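Working notes, beginning with the structure itself.
Just so it is clear, none of the values below were taken in a lab; they were calculated from the coordinates. Just so it is clear, the model here is predicted, and its values are computed rather than measured. Here the Cβ positions follow ideal geometry from the backbone for every residue, glycine too, while neighbour counts run over all protein chains shown.
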Amino acid sequence: MGEASLTDLTVRWAVALLAVASVVIPLRAGRLSLATGGFMAIGGLVAIAVTAGPAGGVPLAIVCAGILGGAGGAVLALAAHRVGGIAFAMVTLAVTEAMRALLLASGLAGGGAGLRLPQADVVPWALGSALAFLVVLVALWRSPLAGAWDLLAERPRLAVSMGLPVRWLEVISLAVAGSAGAAAGALLTRYRGFADADAFGALATIDVTLAAIASGVDLLLGPLLGSVLVVLLPEAGRVAGVWRGVVLGGVVLAVLLARLMLERYGRRTRGSLSG
Amino acid sequence: MVEQVLLSGLATGAILGLAGLAFAIGVLGSRVYNLATPELLAAGVAAAFLFPAAPWWLVAVLGSLAGGVAGLAVGWGAIRPFLAQSPVWHLASTLAAGTMLLGVITAVAGSEPRRVAAWWDGDVAIGGAVLAGGQVVGLGASLLLAVLVVLVLGWTGLGRIIRAGGDRLDATGLLGLPGWLLFSLAMAFAGMVAAAGGLAGAQSLGTVSPGILAILGLKGLAVATAAGFRPVPVVLAGLGIGVLEAGLAFWLGPAARDLGSWTVLGIAILLRTRQEGGILGRG
């Protein structure tokens, strides 16, 4: 494997991990978010604005994108407080599509033709961001927050009646998700040296979401597997050809069915043991 | 000029309304949010792509049947096994089923945008506006179909049966109505409506691809959610969003169209959900 392709794989994996994290964290709190594209668009806009500074402005762009994306996620959480299920999925889809349309309409990303940016060496910053978010994920998954999110996902009414700070649980989950998504957008834009509104649309978001769902959210291994799946998607697409969508959708559906059967088997086993 | 904007907006809005209706049928019939509905629109147009020389009525029948079969497949493969699970499971499984369905459609019928032959060649002048034959067929068929679906859901035995299944699928068995049959009816009916909407959309738009119709269908889902899944408001909201889009595209440029409509839809869903709670809200 050449140096160029190793660099490519490293950056794509880091971007994928951050993007998958922006799906997995709200999913752990019981909400299917399709706002990943919108968060990535915030990062893309920051990457366009910040091209000066040390290392071509890459670290500054990632930090600014993380802060702005986190703020965007928090605002979205406050606006969509106690909104769940399909309504939340649709609101977040609206955010993604509105951000894509904003990029196109404003001309900030060069309209339909896209915008060239100075290329920069993003590998160390990509690895650094990915590792930093892995540490954040480990900390979150081991903290009492994870338990509270689990309860919110499985028994939302119970979580409310127990007096859990539901609003803040939602704000934290979407703020971290927004931060990760925006950092992914900034990294991707600077790595490609090209800003393109369509890279942050609904279709790209659905691919990342499916990979995240297929990999599971309960263990830290899930986001890691999901990021590998996103990196492998283009390769799988080349192998599967026109059947790429069938393979991806089929894998996700098979994983969901397998998880359902395992859950039922576990329940039956527990039932027979206690009976 | 205003008439032209209004009519082209109504043409797009009617397709959004039909996509929203197909989504609403699934919700009314099974209490499940079928995110594969946009791809069911594309199932209809696959027939037009595969049989370009076939007479229009045959394409309409084949397209609707393809939608019905695809709706059943999604229902039994991706919804029925997860009926007892939480809504997030339904969203995930139908999202995956939609990706599979679009994969099958593009593999069989191609993914490139193609011109679909108009089912009628004449032009119609309404006020200062002139509509091409395909646009007339698309608008007329969409509106007619939307009215028919609203009537079927609200005033016929089939509609009552579908809605009964959505209210208490498990209890319908006690009344002698097999749950699996009600579920299958709702899924097939939703698939046929979506596919017919896709065909009407192809007539209105002229040049389409399965991907373009799927994106249009996604907006239809947002329309249905904003309108609370009630058939008449869904159709009216679809028409309203279509007119808004046409106006924005005409006066502010094409890029403003999606920005305006998605912003309005997002805010409308938030307001409705906060107001209602119920099946949409979490608490």
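Key figures for this structure:
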item	result
For A:Phe194, distant residues with modelled amide H under 5 Å away	A:Leu117
Hull volume in cubic angstrom per residue (convex hull over the Cα atoms of chain A)	143 Å³
Long-range tail of P(r) for segment B:232-271 (Cα pairs > 17 Å, %)	28 percent
Unit Cα scatterers, Debye sum, segment A:79-174: log10 I(q)/I(0) for q = 0.18 Å⁻¹	-1.00
Euclidean distance of C-alpha centroids, segment A:189-221 and segment A:29-87, integer Å	13 Å
Ratio of the Cα radius of gyration of segment B:72-144 to 2.2 N^0.38 Å, where N counts its residues	1.72
Value at 222 nm in deg cm²/dmol, rounded to 500, when DSSP H runs of n ≥ 4 in chain A each add -39,500 (n - 2.57)	-26500 deg cm²/dmol
Neighbourhood net charge (9 Å Cβ-Cβ; Lys/Arg +1, Asp/Glu -1) for A:Leu233	-1
For residues of A:95-107, the mean tally of beta carbons on other chains within 10 Å	5
Paired Rg and Dmax values of segment B:1-94, which use every Cα atom, in angstrom	16.0, 52
Computed [θ] at 222 nm, helices only, for chain B once each DSSP H run of length n ≥ 4 contributes -39500 (n - 2.57)	-25500 deg cm²/dmol
D_trans [Stokes-Einstein, Kirkwood Rh over alpha-carbon pairs] for segment A:139-275, 20 °C, 1.002 mPa s, µm² s⁻¹	120 µm²/s
From phi via Karplus (6.51, -1.76, 1.60), per-residue ³J(HN,Hα) for segment A:49-59 in Hz, x at Gly/Pro	6, 10, 10, 10, x, x, 6, x, x, 4, x
Value in Å of the Kirkwood radius, where the protein assembly as shown supplies the Cα pairs that are averaged	23.9 Å
Shielding score for B:80-91, defined as the mean number of other chain Cβ atoms within 10 Å	5
Rounded, prolate or oblate (a/c below 1.5 giving rounded, otherwise prolate when a/b exceeds b/c) for segment A:11-73 by Cα gyration tensor	prolate
Rg/Rg_globular for chain B, with Rg_globular taken as 2.2 N^0.38 Å and Rg from C-alpha atoms	0.96
Segment B:111-245: projected area of the alpha-carbon convex hull, averaged over directions, in nm²	9.8 nm²
Karplus-derived 3J(HN,Hα), 6.51/-1.76/1.60, for each residue of segment A:187-202, Hz, glycine and proline x	4, 4, 5, 6, 5, 6, x, 7, 9, 8, 4, 5, 5, 10, x, 5
Shielding score for B:251-263, defined as the mean number of other chain Cβ atoms within 10 Å	5
Paramagnetic reach from A:Leu260 in segment B:16-39 [backbone N under 12 Å; point 7 Å along Cα→Cβ]	none
Surface/4 of the Cα convex hull for segment A:1-131, nm²	9.1 nm²
Protection-proxy order for peptides B:146-158, B:127-139, B:99-111, each taking the mean of Cβ atoms within 10 Å per residue, highest first	B:99-111, B:127-139, B:146-158
Inverse mean reciprocal Cα-Cα distance (Kirkwood Rh) of segment B:175-283, Å	15.8 Å
Pairwise label distance in nanometres, B:Met1 with A:Ile67, each label 7 Å out on the Cα-Cβ vector	4.5 nm
Rg over Rh, two decimals, segment A:117-219 (C-alpha only, Kirkwood Rh)	1.05
Sites B:Leu236 and A:Leu220, calculated FRET efficiency, Cβ-Cβ separation with R0 45 Å, nearest 0.05	0.40
Rounded Å value of the spacing that divides the Cα centres of segment B:102-124 and segment A:159-174	47 Å
